[in-house]
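Accompanying notes for the structure given below.
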Amino acid sequence: MDNMLAGNLRIIKSLYAKSLADLLSSGKTIETIIDEITNLDFATMSGLDSKLSGNPHQWKSIFEKYGDSISFVTDSTSMIVGYWHFLALKEDFFKKVLNGEMEDEEITVRTVQPFHAPGSYDVYFVGVAIHDQHRGYRINRILYASFLKILNDLSRRNMHIRSLCANVLTEKGAVLSETLGLKPLRAHKRRGNIYLKINQIDNENAVSPTKQDSLALGI
Ligand SMILES: CC(C)(COP(=O)(O)OP(=O)(O)OC[C@H]1O[C@@H](n2cnc3c(N)ncnc32)[C@H](O)[C@@H]1OP(=O)(O)O)[C@@H](O)C(=O)NCCC(=O)NCCS
């Protein structure tokens, strides 16, 4: 009985960090990946609608072009059970976000600022969600480690996060945002609250992993 329980727990706790490229090479398509994370969003966030969630066609073009700033966790059945996604946005569009006037359905490849050259970037957190049954320290640690790894990679290429913002829709999202140092800025015009963190670029980028984080996470 104990062995069975231990076996089940092992299955429940088998979690794998995956990039978009990993998922594509495992046989998933961009369409099925978008479908899975959209289902995860709607299952975990009440009050979500198509304006806030966007549409599969829009995300397909963005994933195809800017798939490096999204990260997933899958379970032993290869189902996506957690993910986060951020994008750097062009200046004018980012202002619209800060004013609480942007709906995620408006994000297109033309409003994204590609991470191409050294410099400062304004980042919008498009989404983060973890399946109810997989919440806890371990999956958070995996997701956080992959987030720090991407920031580290950008930082090594002299690309710094000048500001980080999100439209926070849930209480859990507010806790997570505050943990990352984001502060409430204003209400979104329709739903949610805009949170923002501005970094001192000349002080390296404060969103970069601290030495302590990097050591703890082995990155
Ligand atoms: C937002 C969300 C991803 C946060 O995940 P969560 O598991 O609920 O987060 P919690 O703050 O409860 O943290 C869970 C555990 O991970 C730990 N943790 C959180 N961040 C961590 C980090 N960066 N590194 C290590 N551990 C961390 C916490 O200490 C906590 O540990 P405990 O269980 O031992 O107390 C999740 O609640 C979710 O998917 N919600 C629905 C979707 C949603 O609301 N998204 C945000 C929209 S704005």
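The values are calculated or read from the model by the stated rules, or taken from the named source; none is laboratory data. Since we're looking at a predicted model, the values are computed, not measured. So basically every Cβ, Gly included, is an ideal-geometry build from the backbone, and we count neighbours across all protein chains shown.
Scanning segment 102-151 for residues that are in a loop (DSSP other than H, G, I, E, B) and near the ligand (Cβ under 9 Å from one of its atoms) returns His131, Arg135, Gly136. Under the condition of being at pLDDT below 50 and surrounded by 13 or more Cβ atoms within 10 Å (Cβ to Cβ), the residues counted in segment 200-212 number 5. Within segment 126-150, restricting attention to residues that are charged (D, E, K, R) and more than 14 Å from the chain's Cα centre (by Cα), the residue that is farthest from Glu106 (Cα to Cα) is Arg138. The residue that is surrounded by the fewest Cβ atoms within 10 Å (Cβ to Cβ), among those in segment 166-199 that are of a type in the set (A, V, I, L, M, F, W, C), assigned to a strand (DSSP E or B) and within 8 Å of the ligand (Cβ to nearest atom), is Val168. Kindly establish whether Leu89 is in contact (Cβ under 8 Å) with a residue 40 or more places away in the chain, within 13 Å of Asn167 (Cβ to Cβ) and among the aliphatic types (A, V, I, L, M). No: the conditions fail for Leu89. Taken over segment 56-78, the criterion of being under 18 Å from Ala43 (Cβ atoms), part of a loop (DSSP other than H, G, I, E, B) and either away from the ligand (no atom under 15 Å from the Cβ) or in contact with a Pro (Cβ under 8 Å, 6 or more places away or on another chain) (or both) is satisfied by Thr77, Ser78. When the test is whether a residue is farther than 26 Å from Cys165 by Cα, free of Cβ contacts under 8 Å to residues at least 12 places away in the same chain and in contact with a helix residue (DSSP H, G or I) (Cβ under 9 Å, 6 or more places away or on another chain), Leu15 does not pass it.
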